[in-house]
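Have a look at the structure below before the remarks.
The values are calculated or read from the model by the stated rules, or taken from the named source; none is laboratory data. A quick note: this is a predicted structure, and the numbers were derived from the prediction, not measured. Positions of Cβ are generated from backbone atoms using ideal geometry, with glycine treated the same way; all protein chains shown enter the neighbour counts.
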Amino acid sequence: MFSKRVLGNSTCAAPAMLGSRVLGLNGAVGGIEIQSRQAASLKSLKARMRSVENMRKITKAMKMVAAAKLKQDEKRMQTSRPFVQPVQNLFERLPMEDRAGGMSI
């Protein structure tokens, strides 16, 4: 698969040609390819900045949803406290057993 990408779609290329394509016609010096990176275009920079801004907006919205859910859960917890308190008192009055196991009657 890699050879097809390097060679295009031709399958009858000579090994020397493969070597010259892999080692690079982009400034190969002594068999070592020198990589050069070009500056991003203004269009690609704007697109990248727009995508980053969109990610910020999505993250902010997700935080707001999470805060609303937390607030709702806290409200539910506060309204359920009167019903939980008698059960907690019941468990406090029960005798404690040091070891885990079946309940004895």
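Any idea which of (1) in a loop (DSSP other than H, G, I, E, B); (2) at pLDDT 65 or above is the one ALA68 doesn't satisfy?
Among (1) in a loop (DSSP other than H, G, I, E, B); (2) at pLDDT 65 or above, the lone unmet condition for ALA68 is (1).
Condition check: of a type outside the set (S, T, N, Q), out of contact with any strand residue (DSSP E or B) (no Cβ under 8 Å at 6 or more places or on another chain) and modelled with pLDDT under 65. Does ALA14 satisfy that? Working first, answer last.
Details: of a type outside the set (S, T, N, Q): yes; out of contact with any strand residue (DSSP E or B) (no Cβ under 8 Å at 6 or more places or on another chain): yes; modelled with pLDDT under 65: yes.
For ALA14, the condition - of a type outside the set (S, T, N, Q), out of contact with any strand residue (DSSP E or B) (no Cβ under 8 Å at 6 or more places or on another chain) and modelled with pLDDT under 65 - is met.
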